[in-house]
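Handing you this structure, nothing more for now.
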Amino acid sequence: MSTLDEKVLRVFGDVAVDKRLAKLEVVSRLPRFIAEYLISRYYHSDSVNWINKLAKVVEEYYPDPRDKDRVLSKAKREGRITLIDEYKVVVNLKKNMYFLHIPNLQIYDALVSESIVERYERILSGLWGIGVLEYRPELAEVAMSRGRDKPSFTPLILVEFEPFQVYNIDVKAFIEGRRAFTTQEWIDLLIKSIGLNPSMYSERQKLLLLIRLVPLIEGNVNLMELGPRATGKTYLYRNISYYTRIYAGGTISAARLFYDARLRILGDIGTRDAVIFDEIARVKFTNPDEVVAKLKDYMVDGFFERGQLKRAHSDCSLVFIGNIELSSKGILGSIIDYLPGFMKDTAFLDRIHGLLPGWELPKILRSDIHLAQGYGLATDYLSEILHRMRAYSFETLVEQHVELVDNYTIRDEKAVKKLLSGTIKLVYPHGEFDNRELKKIIDIVVELRQNVVNILSELAPHEFPRKRLSAQVLG
C-alpha cells in the first residue's frame, strides 16, 4: 500500500474503496457508482466467498433486460420479486396517482407505496436502489370492476425500497479532509477516484481531466470537449454521477429537454445537474429552430420557458462531446469541419464557456496500466459531494484573487470565472492555495476560453477580431 493510499484510508475511512475491485467482471454491467457501492457493501478482506455472494446478488437482482419475461413470470408465480434498478416516480394529477418507472423491465406504469415517495423524495427524479415489488392482480380487478375495459397501470407495486446512494454526507468533513493532502496528492486522489491511473498523465493532462468534472460541481457551465475515441469522455459522465443525462444519438425534442406540455413535467434540463450531448455531429432535433433557440436562451442565464411553463430556472450544465481526429487542416480546421451546423452559429458558440482539448489526452487502452490502482473516494460518495458543492459559491474568491487582462467581452469574463470557480472548488475546496499553483490552473482555464475565441474569429473575423486573453493572480 502506497503512502497516499494509507493517507486516503486514514482521512476518509469508509468512503475510500480499492479501485481495482471495481474492475471485477461480476459488476461490469452496472454503472460504476453502483458497482462500487455494492463492492463496499459485500467486500470482506477476511472472506474468500464475498465475490461469489456479490455475483449471486447481481445475477438474481439485476437481470439482463432480455430476461424481462422470465422475471415477470416469477412475479406472477411467487407474488413478489426483488430488483436492483434506477427507479423513478412520476406524478399524474389527472388520475391522482404515482406511476413507477422500472427501466430494466421496460415498465413505466407500475405503482409505488406513497410512504416510499414521502421518505425518499429524490425517487421523483430517479434513484438507484434495491426494491421489493409485489404482484397485485386484485388492483387490476378493482379497476375493471369500476367500468374500465383495462386498468391504466401494471399491477406491480413497489412496497420496500433501500436506496444505494450515500445520504448522510458531511461536505464540511470532505473540505477539511483536503487539508491533509498536498495539491499534487489531492489531484492524484481525484484522478484515482474517477477510475484512472494518475501516473499515466502529465500535470497538465490531470488538470484537463479534472475540468471534465466542472459541469458537475458548478452550475450553468457550458463545456465542449473534442478529441479521439477511447479517452473516457462519455464513460466519465455516465459512471461518475447519477445526476446526469446523456443523449447519445437519436432525435431530441424540446419536450424532453425543457418541458413536456402534454404531461406537464419538466425535461432533463429542469431536473439534472448536467445534460451531455454525445457525438454532437450526429445530434438531431425534432424541431431544430425551436430547440436551438431555447438552448441559446438558456445558455445565457439558466432561464427557459415553454408553453404553459413561464420563466423557469435551472442550474443544469450543458456538455457537448465529439470524437474527432486532427487532420492536415490543423486544429481549427478539423474542429470547424466537424461541428454540426447549429454549433457553427457564432451566437451559439459564443455561449460555450470553454473548449477542452481532448486531443491532448491519451487513449485508455489497457486496464492494468490506464485504470486506477489502489484507494480512491467511492464514486457514489464523490458524486454526491459534487452535487452538493454546486450550492457553494467561489465567485468572491475568484474576484479577490484573479485579474482578467486584455480584451475581455462580458461573455469571455463570465466563461473564465465560471470555469475557474468550478476548478478551484475541485482542487482547493478549502479555499487555500499557493499563488504559483493557482496560476497554472488560471492559465489552462483561460486557454479553454481562448480556444472558443479562436474558432469564433475563424468563423466571423469581422465580428470577432483576433485577440489574446490572459489573467494573473492578485496578491
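Out of all the residues in the range 425-475, which are crowded, with 16+ Cβ neighbours inside 10 Å and basic (Lys, Arg)?
Correct list: Lys425, Arg449.
Determine whether the range 286-297 contains at least one residue that is of a type in the set (Lys, Arg) and over 18 Å from the mean Cα position of the chain (by Cα).
yes
Looking at the range 350-375, which of its residues are out of contact with any strand residue (DSSP E or B) (no Cβ under 6 Å at 6 or more places or on another chain), closer than 23 Å to Phe464 by Cβ and surrounded by fewer than 20 Cβ atoms within 10 Å (Cβ to Cβ)?
The answer is Pro357, and nothing else.
Among the residues of the range 77-88, are any farther than 21 Å from Ile34 by Cα, at pLDDT below 95, under 30 Å from the mean Cα position of the chain (by Cα) and in the same structural domain as Pro137 (by TED's automatic domain parsing)?
For the range 77-88, residues farther than 21 Å from Ile34 by Cα, at pLDDT below 95, under 30 Å from the mean Cα position of the chain (by Cα) and in the same structural domain as Pro137 (by TED's automatic domain parsing): absent.
Mind listing whichever residues of the range 100-134 are over 27 Å from Leu54 (Cβ atoms), surrounded by fewer than 20 Cβ atoms within 10 Å (Cβ to Cβ) and over 24 Å from the mean Cα position of the chain (by Cα)?
Asp109, Ser113, Glu114, Ser115, Glu118
Oh, and also: Where in the range 139-253 are there helices (runs of 4 or more DSSP H), lying fully within it, with 2 or more residues that are at pLDDT below 95 and not acidic (Asp, Glu)?
It comes to 233-239.
Among the residues of the range 221-232, are any surrounded by fewer than 20 Cβ atoms within 10 Å (Cβ to Cβ) and either more than 17 Å from Pro357 (Cα to Cα) or under 16 Å from the mean Cα position of the chain (by Cα) (or both)?
No, the range 221-232 contains no residue that is surrounded by fewer than 20 Cβ atoms within 10 Å (Cβ to Cβ) and either more than 17 Å from Pro357 (Cα to Cα) or under 16 Å from the mean Cα position of the chain (by Cα) (or both).
Looking at Thr396, Thr346, which is the one that is out of contact with any Pro (no Cβ under 9 Å at 6 or more places or on another chain), without any contact (Cβ under 8 Å) to a residue 12 or more places away in the chain and among the hydroxyl-bearing types (Ser, Thr, Tyr)?
Thr396
Here's something else I'd like to know. Can we say Arg10 is surrounded by 13 or more Cβ atoms within 10 Å (Cβ to Cβ), outside the structural domain of Pro103 (by TED's automatic domain parsing) and farther than 22 Å from Leu105 by Cβ?
no
Looking at Asn287, Asn323, Asn239 in this structure, which one is surrounded by fewer than 21 Cβ atoms within 10 Å (Cβ to Cβ), out of contact with any strand residue (DSSP E or B) (no Cβ under 8 Å at 6 or more places or on another chain) and over 26 Å from Glu413 (Cα atoms)?
Asn287
Among the numbered criteria (1) over 17 Å from Ile130 (Cβ atoms); (2) at pLDDT below 95; (3) loosely packed, with under 13 Cβ neighbours inside 10 Å, which one does Glu59 miss?
(1)
Taking the condition of being in a loop (DSSP other than H, G, I, E, B), within 22 Å of Pro228 (Cβ to Cβ) and either of a type outside the set (A, V, I, L, M, F, W, C) or in contact with a His (Cβ under 9 Å, 6 or more places away or on another chain) (or both), how many residues in the range 342-364 meet it?
Selection size over the range 342-364: 4.
How many residues are within 22 Å of Leu216 (Cβ to Cβ) and either outside any helix (DSSP H, G or I) or touching a Cys at 6+ places or on another chain (Cβ under 6 Å) (or both) when one looks only at the range 427-472?
Counting residues in the range 427-472 that are within 22 Å of Leu216 (Cβ to Cβ) and either outside any helix (DSSP H, G or I) or touching a Cys at 6+ places or on another chain (Cβ under 6 Å) (or both) gives 5.
Looking at the range 397-426 only, could you name the residues that are in a helix (DSSP H, G or I) and either in contact with a Phe, Trp or Tyr (Cβ under 7 Å, 6 or more places away or on another chain) or hydroxyl-bearing (Ser, Thr, Tyr) (or both)? Outline the logic, then answer.
Initial filter on the range 397-426 (in a helix (DSSP H, G or I)): 397-401, 410-426.
Across the range 397-426, the qualifying residues are Ser421, Thr423, Ile424, Lys425.
Let me ask you something else. Would you be able to say whether some residue in the range 135-146 is among the acidic types (Asp, Glu) and over 26 Å from Asp380 (Cα atoms)?
yes
Return the total of residues in the range 374-385 being within 16 Å of the chain's Cα centre (by Cα) and under 14 Å from Arg178 (Cα atoms).
Counting residues in the range 374-385 that are within 16 Å of the chain's Cα centre (by Cα) and under 14 Å from Arg178 (Cα atoms) gives 2.
From the list Asn92, Asn49, Asn96, which one is of a type outside the set (Ser, Thr, Tyr), surrounded by fewer than 17 Cβ atoms within 10 Å (Cβ to Cβ) and either under 19 Å from Ile130 (Cβ atoms) or not assigned by TED's automatic domain parsing to the domain that holds Arg119 (or both)?
Details: Asn92 fails: either under 19 Å from Ile130 (Cβ atoms) or not assigned by TED's automatic domain parsing to the domain that holds Arg119 (or both); Asn96 fails: either under 19 Å from Ile130 (Cβ atoms) or not assigned by TED's automatic domain parsing to the domain that holds Arg119 (or both).
Going through Asn92, Asn49, Asn96 in turn, just one is of a type outside the set (Ser, Thr, Tyr), surrounded by fewer than 17 Cβ atoms within 10 Å (Cβ to Cβ) and either under 19 Å from Ile130 (Cβ atoms) or not assigned by TED's automatic domain parsing to the domain that holds Arg119 (or both): Asn49.
Please identify the pairs in which a residue from the range 209-235 that is in contact (Cβ under 8 Å) with a residue 24 or more places away in the chain has its Cβ atom under 6 Å from the Cβ atom of a residue that is part of a loop (DSSP other than H, G, I, E, B) and small (Gly, Ala, Ser), counting only partners at least 6 apart or on another chain.
Sorted first by the residue in the range 209-235, then by its partner, the pairs are Leu216/Ser241; Asn220/Gly302.
When the residues of the range 13-39 are filtered to those that are surrounded by fewer than 18 Cβ atoms within 10 Å (Cβ to Cβ) and small (Gly, Ala, Ser), which remaining residue is modelled with the lowest pLDDT?
Checked the range 13-39; the qualifying residue modelled with the lowest pLDDT is Ser28.
Report yes if Leu332 is in contact with a helix residue (DSSP H, G or I) (Cβ under 9 Å, 6 or more places away or on another chain), part of a helix (DSSP H, G or I) and surrounded by 14 or more Cβ atoms within 10 Å (Cβ to Cβ), otherwise no.
yes
A follow-up question, please. Return only the number of the condition from (1) without any contact (Cβ under 8 Å) to a residue 40 or more places away in the chain; (2) more than 20 Å from Lys467 (Cα to Cα) that His401 does not satisfy.
His401 satisfies all of (1) without any contact (Cβ under 8 Å) to a residue 40 or more places away in the chain; (2) more than 20 Å from Lys467 (Cα to Cα) except (1).
The values are calculated or read from the model by the stated rules, or taken from the named source; none is laboratory data. All values derive from a computational prediction rather than experimental measurement. In this analysis, Cβ positions are derived from the backbone assuming ideal geometry, glycine residues included, and neighbour counts consider all displayed protein chains.
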